[in-house]
Amino acid sequence: MEKVTKMNEQEKEIKRMADFTSPEVLYNELIASVKKYHPSADISMIEKAYTIARDAHEGQVRKSGEPYIIHPLCVAIILADLELDKETIVAGILHDVVEDTVMSNEEIRKEFSSEVELLVDGVTKLGQLSYSHDKVDEQAENLRKMFLAMAKDIRVILIKLADRLHNMRTLQYMKPEKQKEKARETMDIYAPLAQRLGISKVKIELDDLSLKYLQPDVYYSLVEQISDKKSAREKFIQQIVAEVREHIDNAGIKARVDGRVKHFFSIYKKMVNQDKTLDQIYDLFAVRILVDNVQDCYAALGSIHEMYKPIPGRFKDYIAMPKPNMYQSLHTTLIGPNGTPFEIQIRTYEMHKTAEYGIAAHWKYKESGGSKEKNIENRAEAKLTWLRQILEWQKDESDNKEFMSLLKSDLDLFSESVYCFTPTGDVKNLPNGSTPIDFAYSIHSAVGNKMIGARVNGKLVPIDYRIQNGDRIEVLTSQNSKGPSRDWLAIVKSTQARNKINQWFKSEFKQSNILKGKDMISQYCKMKSINHTDIMKPEYQEKVMKKYGFRDWDSVLAAIGHGGLREGQVVNRLLEEYEKVNKKNITDDKVLENIIETSKDQKMKLTKSKGGIVVKGIDDVAVRFSRCCNPVPGDEIVGFVTRGRGVSIHRTDCVNVVNMNESERMRMIEAEWQGFSSGFGEKYATEITIYANNRTGLLVDLSKVFTERGIDLTGINSRLSKQGTATLSVSFEISGTEELNRIIEKIRQIDSVIDIERAAT
């Protein structure tokens with residue numbers, strides 16, 4: 001009877017206090033909750049924490065208008081409902097004092113202990129995860145911090161989950177866009193984490209609250225539809241429960257039987273996965289049977305299958321093969337009275353406790369010093385194997401976007417599992433749809449890298465074979481294997497395998513990717529006329545590494561080399577940092593001074609090779625022709641003072657000049673050709689666009705004009721419209737506008753030429 005009473009306590013949802021409850025009432029409720037599972041607890045530490053937090057948060061209010069102290073108290077009540085140790089509850093009360101008040105970590109350590117200080121510091125450092133597609137890097141960095149904090153002490157994330165649960169409960173006081181942001185973050189990160197830690201109590205409520213704000217129409221529709229048939233459903237559940245209880249009693253099995261409606265997100269997920277409406281889903285509720293030991297679980301299953309017809313393929317034995325979060329239970333779907341399907345879950349009281357409390361059960365036993373402590377310790381370790389895996393990715397994966405992709409797919413709520421065996425009989429748990437490649441990498445990365453084939457149940461299979469439950473798999477390897485194929489990335493299902501294959505390619509070709517990345521940056525700088533030396537400063541590189549989440553510059557270059565980053569992104573960021581520093585307090589006069597000095601230092605003397613350009617008011621200046629309009633002698637020109645690259649010469653009708661803003665126009669100076677009519681024997685690049693009706697021999701006639709005048713073509717590009725109009729862009733070198741006009745006039749005489757324009761951009 002005592003066991004049943006305890007289970008009734010555990011069945012209840014996590015305590016939810018009404019909004020605007022006074023801090024004193026909340027505090028008394030907290031103490032009562034702690035005393036319930038830990039009667040001999042010394043509450044002086046909790047009392048002290050409450051007093052300090054209340055004084056520290058004095059005058060602070062939440063979005064709802066409530067005193068801020070209500071939030072940490074509600075977080076502590078949630079932690080007490082999970083029956084956690086005193087240190088965790090104290091840290092829950094104090095989790096915001098360092099961030100939001102003047103209290104320091106040293107003061108917490110002095111007043112309480114280094115253990116409490118570590119927990120508070122861990123939660124504080126996590127801060128707020130920013131969920132935004134535009135802030136992937138920021139989010140990734142925060143997540144990295146979170147997993148590192150979890151590795152030091154898993155209780156950090158338990159406090160964070162309690163914090164998030166209370167925030168979700170009071171989300172109605174936030175702005176709509178903030179509600180969706182928090183709900184999305186909860187759905188993607190926190191609910192899956194609660195699931196991974198086995199805390200179904202928290203996970204279920206987080207799921208339902210997220211659905212409420214992300215898809216309110218779906219949520220309220222489900223609530224309405226389910227409540228409409230509530231009485232009929234409850235009557236049906238009671239009937240099933242009574243029949244099952246009677247049958248179990250007759251079989252001589254001591255058990256507790258009850259029924260429950262599935263939570264909203266679970267129903268929604270089923271509707272999405274099976275593409276069904278609510279009316280088409282019949283197993284909206286489950287009957288649960290709790291027994292004393294494992295033998296009784298299977299005895300109860302046999303008795304139930306004797307009573308009702310089971311649906312083939314819907315039986316799952318999670319006792320023999322627990323889920324990765326160590327969840328254990330027997331699940332079977334049966335045909336009930338009137339042909340209505342329903343689900344029965346059979347588990348022991350201990351399994352139920354693990355399912356409800358998950359990793360949190362570890363500290364309850366640890367503190368009480370129960371005989372089951374060692375068993376719980378082992379279970380706790382088993383639950384955290386996935387965390388160690390994530391920490392490994394963190395070391396290997398320097399690209400934030402890739403890390404986020406791996407993490408999201410690994411925490412995917414919709415993923416189901418498939419069970420298979422090694423040749424020695426060990427069980428492997430893989431995502432549904434996994435292949436022998438996934439299996440090989442789950443054993444070891446070296447096995448996956450050397451894999452050449454696989455046998456399933458003694459027969460050779462292709463590498464894209466989808467593993468079925470119960471398959472016995474043998475991986476064939478060869479030392480002569482050249483490693484994985486890139487095609488494998490499209491075949492594998494598990495995040496672990498995808499990560500290990502990517503890592504192999506990155507390390508295998510890192511040096512060549514680094515060299516390729518260097519060359520791509522250099523080429524980009526040349527194309528955009530950017531001084532490579534100016535922007536390649538360590539302090540600018542540091543900013544780029546921080547932005548994209550890389551630990552060294554070689555990793556950035558390698559990422560550019562293998563296509564993970566675009567060279568333009570990196571160069572533009574470097575240029576941005578350079579300009580931030582060099583634009584400070586710099587006037588146009590100073591820019592001109594710098595140009596002159598640079599020109600003198602480098603002995604850039606004005607010569608004919610520079611085109612005979614005279615810039616008003618400046619002697620001995622570096623001059624270059626802009627590529628946007630390609631000015632030639634005879635064109636009206638203007639100079640534009642650049643930063644560090646001398647004066648660029650533009651045609652006055654250049655689009656870039658016409659569209660300059662006011663601040664840029666201040667940098668324009670007069671310029672003119674010197675003695676171009678007499679000629680310097682120099683050649684100048686120019687470009688014209690020819691529009692013509694397409695015909696055979698057009699290009700021949702066009703090239704003949706240039707050949708007769710001894711002009712070399714430097715480039716030609718042609719496009720043909722659907723209407724048959726040819727557009728030809730021709731680049732060549734000439735001595736000035738007189739020669740250009742003669743050529744244009746000659747081209748106009750060619751048959752089928754419609755119009756000719758000088759390139760102006």
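The values are calculated or read from the model by the stated rules, or taken from the named source; none is laboratory data. Values in this document were obtained by computation on a predicted structure and should not be read as measured data. Cβ coordinates were reconstructed from backbone atoms using ideal geometry, including for glycine residues, and neighbour counts include every protein chain displayed.
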Residue in region 412-464 that is modelled with the highest pLDDT, counting only those that are among the charged types (D, E, K, R), under 29 Å from the mean Cα position of the chain (by Cα) and within 25 Å of D317 (Cβ to Cβ): D438
Residue in region 149-161 that is buried (at least 24 other Cβ atoms within 10 Å of the Cβ) and among the small types (G, A, S) present: no
Residue count, region 421-470 (criterion: in a strand (DSSP E or B) and touching a helix residue (DSSP H, G or I) at 6+ places or on another chain (Cβ under 9 Å)): 10
Matching option when the condition is over 24 Å from T652 (Cα atoms), part of a helix (DSSP H, G or I) and touching a residue at least 12 places away in the same chain (Cβ under 8 Å), among I716, I743, I711, I747: I747
Every residue from region 492-525 that is over 30 Å from N432 (Cα atoms) and at pLDDT 85 or above: I514, L515, K516, G517, K518, D519, M520, I521, S522, Q523, Y524, C525
Enumeration of residues in region 36-45 that are more than 22 Å from E107 (Cβ to Cβ) and surrounded by 14 or more Cβ atoms within 10 Å (Cβ to Cβ): Y37, H38, A41
Residue list for region 46-76, filter: under 18 Å from V34 (Cβ atoms) and surrounded by fewer than 17 Cβ atoms within 10 Å (Cβ to Cβ): E47, K48, T51
Filter result for the condition that a residue is closer than 30 Å to Q172 by Cβ and not small (G, A, S), over V257, V218: V218
Sole exception among (1) at pLDDT 80 or above; (2) aliphatic (A, V, I, L, M); (3) within 30 Å of K180 (Cβ to Cβ); (4) in contact with a helix residue (DSSP H, G or I) (Cβ under 8 Å, 6 or more places away or on another chain) for V90, by number: (3)
Checklist (1) β-branched (V, I, T); (2) touching a Gly at 6+ places or on another chain (Cβ under 6 Å); (3) at pLDDT 85 or above applied to T170, failing item: (2)
Residue in region 50-73 that is closer than 26 Å to K175 by Cα, part of a loop (DSSP other than H, G, I, E, B), at pLDDT 85 or above and not acidic (D, E) present: yes
Residues located in region 717-746, provided they are touching a Ser or Thr at 6+ places or on another chain (Cβ under 7 Å), of a type in the set (A, V, I, L, M, F, W, C) and either modelled with pLDDT under 85 or over 15 Å from R758 (Cβ atoms) (or both): A726
Of all residues in region 295-328 being over 15 Å from S417 (Cα atoms) and among the hydroxyl-bearing types (S, T, Y), the one that is surrounded by the fewest Cβ atoms within 10 Å (Cβ to Cβ): Y298
Those residues of region 531-547 which are part of a loop (DSSP other than H, G, I, E, B) and in contact with a Lys or Arg (Cβ under 9 Å, 6 or more places away or on another chain), in sequence order: N531
Restricting region 548-584 to residues that are farther than 19 Å from F509 by Cβ and not in a helix (DSSP H, G or I), the residue that is nearest to the chain's Cα centre (by Cα): G549
Contacts under 7 angstrom Cβ, first residue in region 637-661 being closer than 25 Å to Y578 by Cα and aromatic (F, W, Y), partner assigned to a loop (DSSP other than H, G, I, E, B) and modelled with pLDDT of 80 or more, 6 or more apart: F640/R667
Sole exception among (1) under 56 Å from the mean Cα position of the chain (by Cα); (2) at pLDDT below 85 for R695, by number: (2)
Helices (runs of 4 or more DSSP H) within region 198-272 that include 1 or more residues within 18 Å of T186 (Cβ to Cβ): 200-214, 216-228
